[in-house]
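The values are calculated or read from the model by the stated rules, or taken from the named source; none is laboratory data. Since this is a predicted model, take the numbers as computed values, not measurements. Glycine also receives a Cβ, built like all others from the backbone with ideal geometry; neighbour counts cover every protein chain displayed.
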Amino acid sequence: MAFERHKFAGFTRLLNSLSQAPGIEMRCIAENFLLEERLPVEREDSYEEHLEYPLDEESWNSVHEEYVDAKIYVRSGSPETFSPINRPNLILTVDPDQFLVRVENIRDVEFYNGKTPLDIIKYCHDFLKDPENTEKREIIKDFLKKWHESRDLRPVFAGFWGEIEDIFSKANKNNPGHEEWPNRLRDRLGLGHLTPGNGAPIPILVFRCRVKDVIPIDSGETKNVAIPTVLDGFLTPYFCPTPKKGWNQGQALDLSCGDEKNYSINCEILHHAVEYKPEFLFNAGWITKSPGKPLEEARKIHLDFLIGDFENKLEIRGKEK
């Protein structure tokens with residue numbers, strides 16, 4: 001459990017209270033902090049710099065946002081995620097030739113020459129059909145460059161290609177459900193925040209690249225790949241921490257439809273923000289539906305797989321009936 005030291009007693013009381021809240025989303029968020037085993041004391045102390053008492057649900061959310069803005073979603077330098085104080089969570093051995101997959105929401109990219117997401121998706125499809133076409137390649141290259149310049153340097157969540165490639169092997173024109181691949185990919189990677197609101201589809205780009213493409217040459221002591229913790233992004237119920245025992249990557253919730261027999265544990269890691277290249281672009285499409293499995297059901301199955309490895313045996317399953 002994180003934040004067990006006496007100076008965090010007030011914060012822990014809030015977490016225990018919120019872990020019994022009636023709303024599933026806040027309950028998950030609080031329980032994640034109670035389950036988190038990977039935070040070094042130095043990171044807890046860094047978080048403490050932003051804590052203000054008395055704390056309630058609303059003020060905690062503001063505190064967390066301030067911390068993330070200051071230490072994680074930075075505009076210059078390196079996120080705390082990849083700093084020496086997070087050394088226990090830095091991954092030192094990853095096959096540099098292994099392929100990663102990243103999903104990006106481009107709903108807010110109208111800054112690109114006044115083009116809409118619909119325009120960008122069309123440009124991407126045109127490029128993917130003819131990647132050797134210089135003109136089409138330059139359009140994508142220019143878009144990716146301008147997009148990168150507008151972004152912060154937050155750690156990037158990425159999955160492993162080998163765990164999701166079956167989705168695309170089935171997504172062909174001869175498959176009646178081939179247009180469903182964005183929904184299936186979102187579900188497999190646990191990206192529940194990418195749920196259409198008011199029926200408006202969400203435009204996404206899918207990038208595929210090797211580990212060595214996103215790990216810059218680093219002469220320092222740390223690597224640029226890490227296991228995710230509760231402090232590496234904004235508060236979200238779709239994240240679940242990873243036990244220290246027996247796991248060398250993070251594990252994403254599987255929101256795919258089906259029961260526990262069909263549930264899959266899919267690894268996830270964090271890497272430094274990099275400028276995407278046209279050759280990294282793999283596909284583009286639209287998320288059109290809600291996840292195939294409700295959050296509460298997915299989390300229960302997920303924790304049933306992992307709870308034995310958590311040193312802190314929080315009675316989550318009893319709460320989530």
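Tabulated results
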{"read-out": "Residue in the range 68-76 that is among the hydroxyl-bearing types (Ser, Thr, Tyr) and either under 24 Å from Arg299 (Cβ atoms) or assigned to a helix (DSSP H, G or I) (or both) present", "value": "no"}
{"read-out": "Members of the range 141-161 found to be surrounded by fewer than 16 Cβ atoms within 10 Å (Cβ to Cβ) and assigned to a loop (DSSP other than H, G, I, E, B), listed by number", "value": "Arg151, Asp152"}
{"read-out": "Residues being assigned to a helix (DSSP H, G or I) and loosely packed, with under 13 Cβ neighbours inside 10 Å - total across the range 126-140", "value": "4"}
{"read-out": "Residue satisfying condition, being of a type in the set (D, E, K, R), in contact with a strand residue (DSSP E or B) (Cβ under 9 Å, 6 or more places away or on another chain) and in a loop (DSSP other than H, G, I, E, B), within set Arg102, Arg107", "value": "Arg107"}
{"read-out": "Test set (1) out of contact with any Asp or Glu (no Cβ under 6 Å at 6 or more places or on another chain); (2) assigned by TED's automatic domain parsing to the domain that holds Lys244 - Lys136 fails condition number", "value": "(1)"}
{"read-out": "Filtered residue count, the range 73-103, keeping only those that are without any contact (Cβ under 8 Å) to a residue 12 or more places away in the chain and either surrounded by 21 or more Cβ atoms within 10 Å (Cβ to Cβ) or assigned by TED's automatic domain parsing to the domain that holds Arg186 (or both)", "value": "0"}
{"read-out": "Filter pass, Leu205 being outside any loop (DSSP other than H, G, I, E, B) and modelled with pLDDT of 95 or more", "value": "yes"}
{"read-out": "Residue among Ser76, Ser59 that is of a type in the set (Gly, Ala, Ser) and modelled with pLDDT of 95 or more", "value": "Ser59"}
{"read-out": "Which listed residue, of His64, His50, is assigned to a loop (DSSP other than H, G, I, E, B), crowded, with 16+ Cβ neighbours inside 10 Å, out of contact with any strand residue (DSSP E or B) (no Cβ under 9 Å at 6 or more places or on another chain) and not assigned by TED's automatic domain parsing to the domain that holds Ser150", "value": "His50"}
{"read-out": "Checklist (1) out of contact with any Gly (no Cβ under 8 Å at 6 or more places or on another chain); (2) modelled with pLDDT of 95 or more; (3) surrounded by 16 or more Cβ atoms within 10 Å (Cβ to Cβ); (4) not β-branched (Val, Ile, Thr) applied to Ala70, failing item", "value": "(3)"}
{"read-out": "Residue match in the range 123-136 (condition: closer than 25 Å to Thr229 by Cα and either in contact (Cβ under 8 Å) with a residue 40 or more places away in the chain or not hydrophobic (A, V, I, L, M, F, W, C) (or both))", "value": "no"}
